[in-house]
Amino acid sequence: MEQTLWGHLPLLVRSNSKESVEYILQALWRTRKTGLDAADRHVIRDILQLQNDSDLDPLLVCLRTLIRRCVYENISKDEIQKLFPSEVLPELQRLLTLLLQKFQKEWREEVLKDQVVLPRLKAMTWDMGNHESTEVADPVAVINLKLQNDAKSQPGESDVKFRLAKDTLDTMLRSMYCIRDQLSNMDETSNVHLPQETNTV
């Protein structure tokens with residue numbers, strides 16, 4: 001975070017209670033995808049006794065950055081206070097640390113619910129299409145996929161079946177070879193740049 005943003009945090013001292021700061025953080029989280037509407041901005045300006053948005057916006061950017069780092073990065077509850085540089089007032093550090101710790105677990109759970117979990121391939125079988133069928137002019141391969149959905153909302157297995165003619169299969173194979181080569185190149189690149197020591201959190 002740029003150092004200039006930290007200078008706007010003292011505006012929170014203008015709020016008359018911890019609950020007011022809590023409301024601001026909750027409003028920022030609730031509107032993380034859409035941004036604050038005019039009504040929310042008006043309420044927050046009143047809480048902080050600000051006349052215009054030019055004073056409010058830098059503070060909101062700073063708080064949103066703090067919230068993102070707290071929720072999306074692998075930061076433990078005990079490490080949250082270390083996000084603040086020494087120039088941030090100790091009372092503000094304590095207040096924001098307390099509130100971010102309070103909501104971190106809930107917000108992380110909401111993020112996980114929002115994530116799209118793609119099904120993974122569990123098994124694949126194939127067979128040749130019926131050569132004697134009048135509906136099939138050219139030979140086709142019938143592919144059967146068994147997919148495992150690990151999403152919490154709809155866990156379970158599903159079956160997908162489709163047919164591939166030779167031309168379609170050739171196109172698909174060329175694409176798969178390209179994907180394989182790109183993945184191999186990424187592995188080689190990442191191995192070259194691996195640090196000698198890695199820290200796990």
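The values are calculated or read from the model by the stated rules, or taken from the named source; none is laboratory data. Owing to the predicted nature of the structure, the values given are computational and were not obtained by experimental measurement. A quick note on method: Cβ atoms are made from the backbone with ideal geometry, for glycine too, and the neighbour counts reach across all protein chains shown. The accessibility values were calculated without ligands, DNA or RNA, using every heavy atom of the protein model including side chains. Shrake-Rupley method; radii C 1.70, N 1.55, O 1.52, S 1.80 Å.
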Note to self: For a test of the definition: using alpha carbon positions, the gyration tensor, and the 1.5 limit on a/c, classify the range 2-53 as rounded, prolate or oblate.
What the structure shows: rounded
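Are any of the pairs 77/146; 18/113; 33/102; 77/113 more than 32 Å apart by Cα-Cα distance, and if so, which? Write out the running numbers ahead of the final one.
Working: 77/146 40 Å; 18/113 29 Å; 33/102 21 Å; 77/113 21 Å.
Those over the limit are 77/146.
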Notebook entry, point to check: If you take the square roots of the eigenvalues of the alpha-carbon gyration tensor of the range 62-107 and sort them as a ≥ b ≥ c, do you get rounded (a/c under 1.5), prolate (a/b over b/c) or oblate?
Noted result: prolate
Notebook entry, point to check: What order, most packed first, do the peptides 57-70, 170-183 have when packing is the mean number of other Cβ atoms within 10 Å of each residue?
Noted result: 57-70, 170-183
Checklist line | Heavy-atom SASA rank of 21, 142 (probe 1.4 Å, accessible area, largest first) | finding: 142, 21
